[in-house]
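All remarks here apply to the structure that follows.
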Amino acid sequence: MREEIIRTVEAHREEILRTYRDLHAIPEWGLEEFKTSAYIKERLNAAGIPVRAFTETGFTAEVVGNEPGPRVGLRADMDALPFKNEAGETYYVHACGHDAHSTMVLWALLVLKELGLVKKGLARAIFQPAEERLVGAKRMVEAGAGKDLDELYGVHIRPVQEVKLGQAAAALWHGASTVAEVTITGKAAHGARPHLGINAIDGAALAILGINSLWANPAAQWSAKVTKIVGGGVASNIIPDKVTFTIDMRAETNPLMEEIINKVKAACTGGAAAVGATAEVRILGSVPAAEYDAEAIANLSEAIKDVLGPEGLIEPIHSPGSDDFHEFKMADRTLKTAFLALGADCKPGLHDPQMTFDPEALLIGTKILALALARRLNS
Ligand SMILES: [Zn+2]
């Protein structure tokens, strides 16, 4: 199995590199991946693999075995990042390697199909939109793209400072992040008669003091900080009745994030109440933290060792970044997940418009992902 996957991926080397170059040439913003999804669907159709749309651009492709068995998925993101040129015009670049992820997931499925390695159960490739906008996975989940899967694997190429080409980890531990907007409402009054009003700025000040005084376990990684504040009007002699501010929250785990959110809410409500104002806390967006499973990590680890040798498998990585991959797990706690952190020598770093990586990683990643699924669908 290992030998035939490696041999077949190598036999398709030039086509795999071409797929990557083609996708790299059509970078598109999240939810607008029209050319990208059309290109990938065409390759799947040509191989006789049916696709199913779940959002305007997001879709899945499935190869089904002849007997019942495990239902295993691979997830790829398809979107690029926006940048501004000197003239102030927006242009898009695949600066986070999502073109590489789509290439590897597509080819892993093509190779499994070609070799007839989906003997039982099924292999599903999920091509999701808008990872960078952190809404794509959620929309795919809500539309049912992850339904009935037993296992799901994600993949991301890593910066050279973190993982070298020829190495990979089977878990990339992302933290949770949440953005909330708080509105403090008081009562407007003349500046000379403050006792007749309620100054929303006073309420906001006390709420922020409360946020900056909150604590969670210092042994864990977490933070809550106010990143924007708007209050008052043109006239300086009016007691303002409205202040809004934004809070960026981070936490190592999902329960810890829940604790931080509850404490922030209490600080806002209590701070505002101290001056007779009210606070409304609205969550603008959130991404859950990683929750992986030992069985899926072990399977992916074996696939990494089979392709890169035992020295190629490195310890799980803790990342300060986020990925909306974890929405699939949040929607179905029985789903077992792991995440391939793939060494690709990305330089100078992800999200840099000049980002480059070693294309050899495309071949390595395709082999590992195909093998991880083949191990499940043949034994
Ligand atoms: Zn990315």
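The values are calculated or read from the model by the stated rules, or taken from the named source; none is laboratory data. The model shown is predicted, which means the values in this text are computed figures rather than measured ones. Here the Cβ is made from the backbone with ideal geometry for all residues, glycine too, and neighbour counts use every protein chain on show. Remember, those area values only see protein heavy atoms, side chains included, never the ligands or the DNA or RNA. Shrake-Rupley method; radii C 1.70, N 1.55, O 1.52, S 1.80 Å.
Protein chains only, probe 1.4 Å: how do R193, R250 rank by accessible area, largest first? Don't skip to the answer; put the middle values down first.
Values: R193 120, R250 90 Å².
Correct descending sequence by accessible area is R193, R250.
Helix 34-46 against the longest principal axis of the chain: what's the angle in degrees, Cα atoms only, rounded to the nearest 10?
Taking Cα atoms only, the helix is inclined about 20 degrees.
Computed FRET efficiency, Cβ-Cβ of A53 and Y92, R0 25 Å: what is it to the nearest 0.05?
Working: r = 22 Å, r/R0 = 0.90.
Using R0 = 25 Å, I get an efficiency of 0.65.
Hey, what angle do you get for helix 360-378 against the long axis of the chain, alpha-carbon based, 0 to 90 degrees rounded to 10?
Here the helix axis deviates by roughly 80 degrees.
Find, among the chymotrypsin sites (Phe, Trp or Tyr not before Pro) in the range 14-56, those assigned to loop by DSSP (not H, G, I, E, B) with at most 16 other beta-carbon atoms within 10 angstrom. Provide the component values of the computation, followed by the final result.
On the way: sites: Y20, W29, F34, Y39, F54; in loops: W29, F54.
Passing sites in the range 14-56 are W29.
Determine which lysines satisfy two conditions relative to K120: a Cα distance under 21 Å, and not lying fewer than 8 residues away in the same chain.
K147, K336, K367
Starting from the 7 Å offset along Cα-to-Cβ, what nm value, one decimal, do you get for the label separation of L115 and F34?
Distance between label points: 3.8 nm.
May I ask you to evaluate 6.51 cos²θ - 1.76 cosθ + 1.60, the Karplus curve with θ = phi - 60°, for each residue of the range 319-327 and list the ³J(HN,Hα) values in order in whole Hz, giving x for glycine and proline?
Each residue of the range 319-327 in turn: 10, x, x, 10, 8, 7, 3, 6, 4 Hz.
Which residues among the range 139-183 fall inside the zone where the amide N is under 15 Å from a point 7 Å beyond the Cα of L214, along Cα→Cβ?
Label zone hits: 176-183.
Which residues does a label at Q221 reach in the range 147-176, if reach means a backbone N under 18 Å from a point 7 Å past the Cα toward the Cβ?
What the label zone holds, given the 18 Å backbone N cut-off, is 156-164, 169-176.
Place +1 on the Cβ of every Lys and Arg and -1 on the Cβ of every Asp and Glu in the chain, take the dipole about the Cα centre, and give the residue among L313, T183, A170 whose Cα lies farthest towards its positive end.
The Cα lying farthest towards the positive end belongs to T183.
Taking the Cα atoms only, what angle lies between the long axis of helix 13-24 and the longest principal axis of the chain, rounded to 10 degrees?
Around 20 degrees separate the two axes.
Across the range 265-274, in residue order, what do the Karplus-derived ³J(HN,Hα) couplings come to in whole Hz, using 6.51 cos²θ - 1.76 cosθ + 1.60 with θ = phi - 60° and x for Gly and Pro?
These are the phi-based 3J(HN,Hα) values: 4, 4, 5, 5, 5, x, x, 5, 4, 4 Hz.
Can you give the direction-averaged projected area of the convex hull of the alpha-carbon atoms in the range 176-287, in nm²?
Numbers: hull surface 26.4 nm².
Directional mean of the projected Cα hull area for the range 176-287 stands at 6.6 nm².
Based only on Cα atoms, what mean projected area does the convex hull of the range 233-379 have, in nm²? List each step's numbers first, then the result.
Working: hull surface 56.2 nm².
Averaged projected area of the range 233-379's Cα convex hull equals 14.1 nm².
I need the Kirkwood Rh of the chain: take the reciprocal of the average 1/r across all distinct C-alpha pairs and report it in angstrom.
Details: mean 1/r = 0.0446 Å⁻¹.
Across the chain, the inverse of the average 1/r is 22.4 Å.
Could you give the length gained on full extension between S379 and E258, defined as 0.36 nm per residue of separation minus the Cα-Cα distance, in nm?
On the way: separation 121, 0.36 × 121 = 43.56 nm, distance 4.02 nm.
Length difference between fully extended and current span is 39.5 nm.
Distance in nm between label sites at R18 and A298, each 7 Å beyond Cα in the beta-carbon direction?
4.2
Over 27 Å between Cα atoms: which of K263/K329; K35/K113; K187/K265 fall into that group?
As for pairs spanning more than 27 Å Cα to Cα, there are none.
Under 5 Å between amide hydrogens, which residues at least 5 positions from A289 or on another chain qualify, with H placed 1.01 Å from N in the peptide plane?
Result for A289 returns A176, N254.
Let me see the pair-distance distribution of the range 39-133: every alpha carbon pair, 10 Å bin width, integer percents in order.
Result, from short to long distances: 15, 43, 25, 11, 4, 1 percent.
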